[in-house]
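Step one of this worksheet: look at the structure below.
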Amino acid sequence: MSTSKNQSRNQEKGTGALRKPIVIAIDGTSASGKSTNAKLVAKALNYAYVDTGAMYRTLAWHCLKNGVDVDDARAVAGALRRWKARLDCADGHVRLLVDGYYPAREIRTAETSAAVPHVAAIPKVREWMVQAQRACAQFGNLVMEGRDIGTNVFPETDFKFYLDASLAERTRRRQADGVEEDLARRDKRDSERKAAPLMVPLGAVVVNNSGQTPQQTSEFILAEVRRKLAAQG
Ligand code: DC
C-alpha cells in the first residue's frame, strides 16, 4: 500500500489538510469472532485490518525458534531488541514481518498458542507491541483487533467494541476450526495478568454475539460506526 494512497484516504475534502486516521478498536475474549468481524468491517469500509494477536504470536514463535525461554522476561526482552521486525501492509492487511517473513502457518500451531500468553504478559513486550501497533496508523484508517486496543493502544478512539459469546459457543467455534483449546483457561490468564489485562474498555459497545452470524454482528458494528461518523460530521 503506497503512502500517497493512504494520504488521499485521510485528506479532508477540499482543504488538503491531513486528518488523523480513524481507528476502530475490537477487543474481546478468545473465539468471540474478533477476527472474522474485524475483517468484514475493514473490507466494508476499505480500512486496513490489523490482527494484534498475530503480532504477539510472531514473537512467541520467534522465541521458540531461537530457543528463548518464554518465561524469562529478560531473555524475551533481549530477543525483542535484536529481532529484525518491520510492519508491512499488503491487500489491506497489516503484518509484522521478521527478517522479511510473515510466519502465517507457524503462529497458529498448538505450540505457539501455548507460548503466546507467556510473552504477552511481559511488560517490556507490551511496551514494544503498543508502539508498533500505534505505528500502524501510517497505513491509514484501521480496524484493529486484540485485547487492549480500546484500553491501551488507542484509548482515545471513539470507536470501541468488545465482543463476547458464551463459553460453549466459543468452544464450538474453535472446534469447527479444528482447534482444541482450553478457552476458559486462556481468558482467565489474559484477564488476570498484571500488564494490560483483558477488560471492557471505557466507552466500548459490548456485543454478545452468541447465536448471531458474522454477517449480523458486523452489520451491527458497521451501523454503530456509521451513526457515530455521521454525528461527527
Ligand atoms: O487473538 P489471539 O488468540 O491470536 O491472541 C494471542 C494471544 O495474545 C492471547 O493470549 C492474547 C494475547 N494478546 C494480547 O495480550 N493483547 C493483544 N492486543 C492481542 C493478543
(request) Answer with yes or no whether Arg95 is open to solvent by 50 Å² or more (accessible area, probe 1.4 Å), touching a residue at least 40 places away in the same chain (Cβ under 8 Å) and touching a Phe, Trp or Tyr at 6+ places or on another chain (Cβ under 8 Å). (result) yes
(message) Going residue by residue through segment 44-65, is there one that turns out to be open to solvent by 30 Å² or more (accessible area, probe 1.4 Å), out of contact with any helix residue (DSSP H, G or I) (no Cβ under 9 Å at 6 or more places or on another chain) and of a type outside the set (Ser, Thr, Tyr)?
(response) no
(request) Say whether the condition of being over 28 Å from Val119 (Cβ atoms) and among the basic types (Lys, Arg) is met by at least one residue in segment 206-226. (result) yes
(request) Could you please let me know if Gly78 is modelled with pLDDT of 95 or more, away from the ligand (no atom under 15 Å from the Cβ) and over 27 Å from Pro197 (Cβ atoms)? (result) no
(request) Mind telling me which of the residues Phe161, Phe220 ends up being assigned to a helix (DSSP H, G or I) and among the aromatic types (Phe, Trp, Tyr)? (result) Phe220
(request) Would you confirm whether any residue within segment 191-208 is surrounded by fewer than 16 Cβ atoms within 10 Å (Cβ to Cβ), hydrophobic (A, V, I, L, M, F, W, C) and without any contact (Cβ under 8 Å) to a residue 24 or more places away in the chain? (result) no
(request) Inspect all residues belonging to segment 181-192 and state whether any of them is over 22 Å from Ala85 (Cα atoms) and either modelled with pLDDT of 95 or more or assigned to a strand (DSSP E or B) (or both). (result) no
(message) As an exercise: evaluate Thr109 against (1) more than 30 Å from Leu229 (Cβ to Cβ); (2) within 13 Å of the ligand (Cβ to nearest atom); (3) among the β-branched types (Val, Ile, Thr); (4) at pLDDT 95 or above and give the number of the one condition it does not meet.
(response) (4)
(message) Looking at (1) open to solvent by 70 Å² or more (accessible area, probe 1.4 Å); (2) touching a Lys or Arg at 6+ places or on another chain (Cβ under 8 Å); (3) more than 26 Å from Ala115 (Cβ to Cβ), which one does Glu180 not meet, given that it meets all the others?
(response) (3)
(message) Residues that are more than 19 Å from the chain's Cα centre (by Cα) and of a type outside the set (Val, Ile, Thr): does segment 133-150 have at least one?
(response) no
(request) Select from segment 126-147 the residues that are over 17 Å from Arg193 (Cβ atoms), within 9 Å of the ligand (Cβ to nearest atom) and in a helix (DSSP H, G or I) and list them in ascending order. (result) Gln133
(message) Pull out all pairs, ordered by first then second residue, where Cβ-Cβ is under 6 Å, the residues are six or more apart or on different chains, the first lies in segment 38-63 and is within 24 Å of Val207 (Cα to Cα) and among the aromatic types (Phe, Trp, Tyr), and the second is part of a strand (DSSP E or B) and open to solvent by 20 Å² or more (accessible area, probe 1.4 Å).
(response) Tyr49/His93
(request) Assess whether Ala114 counts as being at pLDDT below 95, of a type in the set (Gly, Ala, Ser) and within 12 Å of the ligand (Cβ to nearest atom). (result) yes
(request) Please indicate, with yes or no, whether at least one residue in segment 84-92 is more than 10 Å from the ligand (Cβ to nearest atom), over 20 Å from Ile24 (Cβ atoms) and open to solvent by less than 20 Å² (accessible area, probe 1.4 Å). (result) no
(message) Against the condition touching a Leu at 6+ places or on another chain (Cβ under 7 Å), touching a residue at least 40 places away in the same chain (Cβ under 8 Å) and either aromatic (Phe, Trp, Tyr) or open to solvent by less than 20 Å² (accessible area, probe 1.4 Å) (or both), how does Thr112 come out, does it pass?
(response) yes
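The values are calculated or read from the model by the stated rules, or taken from the named source; none is laboratory data. Everything quoted here is computed from the prediction, not taken from an experiment. Note: ideal-geometry Cβ built from the backbone for every residue, glycine included; neighbour counts use all protein chains shown. The protein model used for the area step is the full one, side chains on, heavy atoms only, and it has no ligands, DNA or RNA in it. Shrake-Rupley method; radii C 1.70, N 1.55, O 1.52, S 1.80 Å.
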